[in-house]
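Here is the structure we will look at.
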Amino acid sequence: MKQSLSGTWVSLAPEIRPSKNPDGSLKPFYLSRRFVYLPENRFQLTVMNYGDPFGRVPIAKIEIEGHMTWRGEHPIAPGAQSVDFVADVAYSTTPLLQGFVDLLNKVAVAGYDKWEIGQRQSIFGKAFAPFGLIEGAHFKEYDLVYLAHEMLFWGARNVDGRGFDTEANRPTNLQIPLVRA
């Protein structure tokens with residue numbers, strides 16, 4: 001699977017995921033993904049976050065680099081693998097909408113320069129409330145990988161907005177696939 005996974009994969013179209021507001025209510029999270037699997041279990045992931053389902057209103061660009069740990073077979077489909085993604089190399093965000101810039105300048109100020117549209121800042125190893133990041137901790141997701149029909153599937157987000165932050169929250173369904181770039 002690792003050999004077949006090597007290379008660049010992209011979203012077919014803008015995708016939707018369940019997300020949570022600060023009060024716990026659900027909200028849609030629109031995005032597109034670009035994933036690169038590199039030698040030595042390294043990965044690069046670029047997520048474009050949008051304010052609309054058609055991907056016409058960019059909010060932020062999120063760039064993550066790290067390592068994947070292969071945990072063995074996942075029961076969703078023959079050949080599927082449980083994989084942990086750890087952002088232990090880099091993690092940054094670039095705000096692309098004034099409303100997001102205004103929010104960041106209120107809730108993500110300690111350890112950051114003033115947020116501006118189009119200006120990327122590293123959030124690696126720092127507290128970053130909008131994404132639930134804790135200072136000094138690497139972001140980690142307990143996910144799955146499945147290749148079929150020349151498409152790359154990861155796990156579908158939990159419909160209640162929970163992240164893949166524990167083994168118990170590892171996904172049990174497949175999400176919209178990525179295709180080779």
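Of the residues making up the range 2-15, just one is assigned to a loop (DSSP other than H, G, I, E, B) and more than 18 Å from the chain's Cα centre (by Cα), namely 6. Among residues of the range 138-156 that are under 14 Å from residue 77 (Cα atoms), none has a Cβ under 7 angstrom from a residue that is of a type in the set (Lys, Arg) and in a strand (DSSP E or B) at a sequence gap of 6+ or on a separate chain. Within the range 50-72, the residues that satisfy the criterion of being surrounded by fewer than 16 Cβ atoms within 10 Å (Cβ to Cβ) and either assigned to a strand (DSSP E or B) or under 18 Å from the mean Cα position of the chain (by Cα) (or both) are 52, 53, 69, 70, 71, 72.
Does residue 85 satisfy the condition of being assigned to a helix (DSSP H, G or I) and touching a residue at least 24 places away in the same chain (Cβ under 8 Å)? Write out each step before concluding.
Details: assigned to a helix (DSSP H, G or I): no; touching a residue at least 24 places away in the same chain (Cβ under 8 Å): yes.
Criteria not met by residue 85.
Given 47, 36, which one is open to solvent by less than 30 Å² (accessible area, probe 1.4 Å) and more than 12 Å from the chain's Cα centre (by Cα)?
On the way: 47 fails: more than 12 Å from the chain's Cα centre (by Cα).
Only one candidate qualifies: 36.
Check whether at least one residue in the range 146-163 is open to solvent by 40 Å² or more (accessible area, probe 1.4 Å), part of a loop (DSSP other than H, G, I, E, B) and either basic (Lys, Arg) or touching a Leu at 6+ places or on another chain (Cβ under 6 Å) (or both), and report yes or no. Among the residues of the range 146-163, at least one is open to solvent by 40 Å² or more (accessible area, probe 1.4 Å), part of a loop (DSSP other than H, G, I, E, B) and either basic (Lys, Arg) or touching a Leu at 6+ places or on another chain (Cβ under 6 Å) (or both), which makes the answer yes. On inspection, residue 115 fails the criterion of being within 19 Å of residue 29 (Cα to Cα) and either at pLDDT 95 or above or under 17 Å from the mean Cα position of the chain (by Cα) (or both).
Residue 10 fulfils the conditions (1) open to solvent by 50 Å² or more (accessible area, probe 1.4 Å); (2) among the aliphatic types (A, V, I, L, M); (3) within 25 Å of residue 130 (Cα to Cα) except for a single criterion, (1).
If the requirement is being modelled with pLDDT under 95 and under 17 Å from residue 175 (Cβ atoms), which of these qualifies: 29, 35? First the steps, then the outcome.
Values: 35 fails: modelled with pLDDT under 95.
Testing whether each residue is modelled with pLDDT under 95 and under 17 Å from residue 175 (Cβ atoms) leaves just 29.
If you take the residues in the range 101-118 that are assigned to a helix (DSSP H, G or I) and touching a strand residue (DSSP E or B) at 6+ places or on another chain (Cβ under 8 Å), which one is surrounded by the fewest Cβ atoms within 10 Å (Cβ to Cβ)? Going through the qualifying residues, I end up with 101. If you go through the range 76-109 and keep only what is among the β-branched types (Val, Ile, Thr) and more than 21 Å from the chain's Cα centre (by Cα), you end up with just 109.
Of the candidates 22, 75, 18, the single residue that is of a type outside the set (D, E, K, R), open to solvent by 20 Å² or more (accessible area, probe 1.4 Å), within 23 Å of residue 158 (Cα to Cα) and assigned to a strand (DSSP E or B) is 18.
None of 98, 121 is farther than 20 Å from residue 176 by Cα, open to solvent by 70 Å² or more (accessible area, probe 1.4 Å) and of a type in the set (S, T, N, Q) except 98.
For residue 59, state whether it is over 19 Å from residue 147 (Cβ atoms), of a type in the set (A, V, I, L, M) and touching a helix residue (DSSP H, G or I) at 6+ places or on another chain (Cβ under 8 Å). Quick ask: steps written out before the conclusion?
Working: over 19 Å from residue 147 (Cβ atoms): yes; of a type in the set (A, V, I, L, M): yes; touching a helix residue (DSSP H, G or I) at 6+ places or on another chain (Cβ under 8 Å): yes.
Yes; evaluated as a whole, the condition is true for this residue.
Only a single criterion out of (1) over 16 Å from residue 157 (Cβ atoms); (2) touching a strand residue (DSSP E or B) at 6+ places or on another chain (Cβ under 9 Å) is not satisfied by residue 32, namely (1).
The values are calculated or read from the model by the stated rules, or taken from the named source; none is laboratory data. Predicted model, so just to flag it, every value in this text is computed and none were measured. Neighbour counts are summed over all protein chains in view; Cβ atoms, including those assigned to glycine, are modelled from backbone coordinates with ideal geometry. Side chains are part of the model used for accessible areas, which takes the heavy atoms of the whole protein and leaves out ligands, DNA and RNA. Shrake-Rupley method; radii C 1.70, N 1.55, O 1.52, S 1.80 Å.
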